1. Among Lys67/Lys222; Lys55/Lys91; Lys36/Lys222, which pairs are too far apart, with a Cα-Cα distance over 26 Å?
2. Along each principal axis of its Cα atoms, how long is the chain end to end? Whole angstroms, biggest number first, please.
3. In nm, give the distance between the simple-model label positions of Lys308 and Ala64, each being 7 Å from the Cα along the Cα-to-Cβ direction.
4. Apply the Kirkwood formula to region 1-62: the hydrodynamic radius equals the inverse of the mean of 1/r over all pairs of different alpha-carbon atoms; give it in Å with one decimal.
5. How large is ³J(HN,Hα), in whole Hz, for each residue of region 290-298 in order, when computed from phi with the Karplus curve 6.51 cos²θ - 1.76 cosθ + 1.60 and θ = phi - 60°, using x for Gly and Pro?
6. Would you compute, for the Cα atoms of region 168-275, the largest minus smallest coordinate along each principal axis and list the three values in descending order, in whole Å?
7. Given region 170-209 reduced to its alpha-carbon atoms as identical point scatterers, what log10 I(q)/I(0) does the Debye formula return at q = 0.22, 0.23, 0.34 Å⁻¹?
8. To the nearest µm²/s, what D does Stokes-Einstein give for region 213-314 at 25 °C and 0.890 mPa s, using the Kirkwood radius over alpha carbon pairs as Rh?
Amino acid sequence: MPLVPLREVYAEANRDYFAIGQFNVSNMEFTQAVIKTAAELGSPVILGASKDAVKYAGAYNLVAMVKAEADRVNIPIALHLDHGPSFELVKECIEAGFTSVMIDGSHHPLEGNIKVTKEVADYAHKYDVTVEAELGRLGGIEDDIKVDAKDAFLTDPDEAERFVAESGCDALAVAVGTSHGAYKFKDEVKLDFDRIETIKKRLGIPLVLHGASGVPKEITEKLKKYGGQIADAKGVPDEAYRNAISRGINKINIDTDLRLAFTASVRKTLTEKPELFDPRKILGQARDDIIEVVRHKIQLLGSAGKVKGASNKRQKDAVPA
Ligand code: G3H
Ligand code: 13P
Ligand code: ZN
């Protein structure tokens, strides 16, 4: 089916307290792995592309690739600009065919963030494109941070209320202790779940959790076994997803876990089969390994089975055997 904006999917997730996965992609293997898995599980799904992904692949290539795969299945799929840095890039992506955008003005003071988000929301809504914004700064909650300092970077519920009312965004990314990449927590996993609940009660709109990769040990161990280097990486555990979703998170962003699965897979294949030089064999295995990660995540999010009959209606296998 054609790509969709997130409005209806968000409404259902918001009402029924489940989350939709945003999986970041910038090539064909990732795209196919995500769409094939979501279709098999009958789940709506979001493909995210950052500014660097757009720079790497080209907005028009990303749109063409995602649309080609989406046309073969009957689940709602959105192509979303992740951490859009400017109105100009938002405009370029909407013109290319993205159906959802994030404008990330979180580095601005509140007034500046409201201004740029409102500008994007006014524009995007004319094209039925959904808008996510961010308030607060992503970062770990360490023991030695004082309460005042913690409040300075985690999302403030009062500010959030004003921000959403004045900017007109459809969904809000909240800072509750996660951060991007593989190194999220030094020791204990600390997330401010109560803050999610408070913000949800005040705003009532879909909330987004960035920096949500789990950085699974079996994948980091595999990476290391085949020559990769990654020091004491720690991510968001499965039970934290459940808790965050039960408090009001409706979209969960995952990039690092797919990158780790891909790289560990390629390293293993190249190490074990040095005679191999067919990229399809190397990348095909990596695609299969990404599928395992996406499957596990979608099952965790509660979005599996939300699209009735989806898996039966796939026209052809998007990923050849
Ligand atoms: O939020 C950040 C995403 O993981 C995107 O990363 O800018 O390297 O594409 P990237
Ligand atoms: P991870 O780095 O935890 O995968 O987070 C991805 C993300 O938030 C993309 O916006
Ligand atoms: Zn992010």
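Since every read-out is calculated from the coordinates, none of them should be taken as a lab result. Treat the numbers as computed from the prediction; the structure is a model and nothing was measured. Heads up, the Cβs are rebuilt from the backbone with ideal geometry, glycines too, and the neighbour counts pull from every protein chain shown.
1. Numbers: Lys67/Lys222 33 Å; Lys55/Lys91 15 Å; Lys36/Lys222 24 Å.
Where the Cα-Cα span goes over 26 Å, the pairs concerned are Lys67/Lys222.
2. So the extents along the principal axes, rounded to whole Å, are 59, 46, 35.
3. My value for the distance between the label points is 3.8 nm.
4. Values: mean 1/r = 0.0786 Å⁻¹.
It works out to 12.7 Å.
5. With coefficients 6.51, -1.76 and 1.60, one gets 5, 3, 4, 5, 5, 4, 4, 5, 4 Hz.
6. Sorted from largest, the Cα extents of region 168-275 read 58, 29, 18 Å.
7. Log-scaled intensity ratios, in q order: -0.73, -0.77, -1.20.
8. Details: Rh = 15.3 Å.
Value of D from the Cα-based Kirkwood radius: 161 µm²/s.
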